[in-house]
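No value in this document is a laboratory result; all are computed from the given coordinates. On a predicted model such as this, the values are computed, not experimentally measured, just so you know. Cβ placement follows ideal geometry from the backbone for every residue including glycine, while neighbour counts extend to all protein chains displayed.
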Amino acid sequence: MAEKRIFNFNAGPAALPLPVLEEIQSSFLNFNGSGMSITEISHRSPWFDQVINDAVERTKRLLNLDDRFHVLFVQGGASLQFAMAPMNFLTDGRSADFVNTGTWSTKAINEAKILNKEYSVAASSEDRNFCYIPKDISFNPDAAYVHITSNNTIKGTQWHTFPDTNGVPIMADMSSDFMSRPLDMDKFGMIYAGAQKNIGPSGVCMVIIRKDMLDMATDEIPSMLRYSTYAAKNSMYNTPPCFGIYTIQLVLKWLEETVGGLEKMEAHNQAKGKLLYDLIDNSDFYRATADKDSRSLMNVTFRLPTEELEKLFVEKAAEKGLGGLKGHRSVGGCRASIYNAATMEAVQALVEFMESFAKEN
Ligand SMILES: *Cc1c(COP(=O)(O)O)cnc(C)c1O
């Protein structure tokens, strides 16, 4: 079975490390000697306590989090965070600054608008179809937070350094580059990431939140929408997404024990990205869509000379066992998502295919 697996370049849900999938498979019928599958175990059992606590501890170690931070697991995907954050923090006339770098940032802004909250768009790259990350932004010093999308999954751009906000906490949607590199957590009040891009299956969103952010959150919203509910109950106010959290735990274990931490992960991701971008830059057949200084190491977006060739490219690649290379339906073109779990071998196979496709066409 495993030898029939393809090189998976899907944007999300996306590839997971093979050793993680194998461990899930081998312990699926009898988790940790319990005689039950992880999907059948009580979330109040010592077996599940061990899973969730280990996932939290590994997150803290990987990101060097100190005691100011809570690590939470929330359902509803990253999309619920677009609404939950303004509901918690934008009360009593407080305002947020947004940087609009594409589809997901726009959705985040829209939720604040639907909720009738105070906000402003401090910068946007919409003038050039979101192909770059804005620089030299001036932020409102009284904002409750500055919201950014650290990696733009659809447009193929990424913040390589985070903006200076003069002490206003950054809130980052890191869905598509969470755990791909080390972070200086001093800048961040909150990070959230839908798991299905880089750390697990869909159905769970990780939220890392600093305690002073919790202190400023309102209690006058439903329990399930309050960060404080999750923080007080170790994410188990109600039944959590157990299987998702378990898979995340195994991915974090792989990151720590097999990869060797986030510096190593970053170096590996840089090497993979370089291979692909070098090929694109040295070709007059492929054209990268994002500005050089803003390119994503996770989602490599590119065009071919014609849309017909793009269609053929995606088809022929699939025949060779290279899947998921079609660009997002809203932008067209091609996209190779090379998250943490995409191997160098997969990227090499893609580069070889791209070279021969360019020659033939
Ligand atoms: C995929 C994605 C989302 C949406 O995630 P859901 O979990 O499907 O809600 C939000 N932000 C970014 C950056 C994404 O890549």
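Summary table below
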| quantity | calculated |
| --- | --- |
| Estimated inter-spin distance, M236 and D293, nm [label 7 Å along Cα→Cβ] | 4.9 nm |
| Ellipticity estimate at 222 nm from DSSP helix runs (n ≥ 4, -39,500 (n - 2.57)) divided over the chain, nearest 500 | -11000 deg cm²/dmol |
| Phi to ³J(HN,Hα) by Karplus 6.51 cos²θ - 1.76 cosθ + 1.60 over region 302-317, Hz, x for Gly, Pro | 8, 10, 10, x, 9, 5, 4, 5, 4, 5, 5, 4, 5, 5, 5, 4 |
| Where labels lie 7 Å past Cα in the beta-carbon direction, separation of E345 and D54 in nm | 2.5 nm |
| Among beta bridges that DSSP assigns inside the chain, antiparallel share in %, nearest 5 | 50 percent |
| Linear extension gain, R128 paired with K264, 0.36 nm per residue minus alpha-carbon span | 45.6 nm |
| Eligible aspartates and glutamates near K197 by straight Cα distance, threshold 14 Å, same-chain separation 8 or greater | D173, D177 |
| Percentage relative contact order, the chain, counting C-alpha pairs under 8 Å, at least six apart | 22 percent |
| Amide H within-cut-off set for S95, under 5 Å, with H built and near neighbours excluded | A144 |
| Karplus (6.51, -1.76, 1.60) ³J(HN,Hα), θ = phi - 60°, over region 121-129, in Hz, Gly and Pro reported as x | 9, 6, 6, 8, 10, 5, 4, 10, 6 |
| Two-site label geometry, S79 and K135: point separation in nm, points 7 Å out along Cα→Cβ | 3.6 nm |
| C-alpha center-to-center spacing [region 166-241, region 82-150] in angstrom | 17 Å |
| Rounded to whole Hz, the Karplus (6.51, -1.76, 1.60) HN-Hα couplings of region 78-92, x for glycine and proline | 5, 4, 5, 4, 4, 8, 5, 4, x, 4, 6, 10, 9, 10, 6 |
| Candidates I208, I148, I280: whichever shows maximal mean-square fluctuation once the chain is modelled as a Gaussian network with Cα springs under 10 Å | I280 |
| Mean separation of Cα contacts under 8 Å, 6 or more apart, over the residue count of region 261-360: relative contact order % | 28 percent |
| Neighbour net charge for I133 - beta-carbon separation under 9 angstrom, K R +1, D E -1 | -1 |
| Footprinting exposure proxy for E40, E360 (fewest neighbouring C-beta atoms within 10 Å first) | E360, E40 |
| Projected area, mean over directions - the chain, Cα convex hull, nm² | 18.1 nm² |
| Mean Cβ count within 10 Å, highest first, over the residues of peptides 43-55, 69-81 | 69-81, 43-55 |
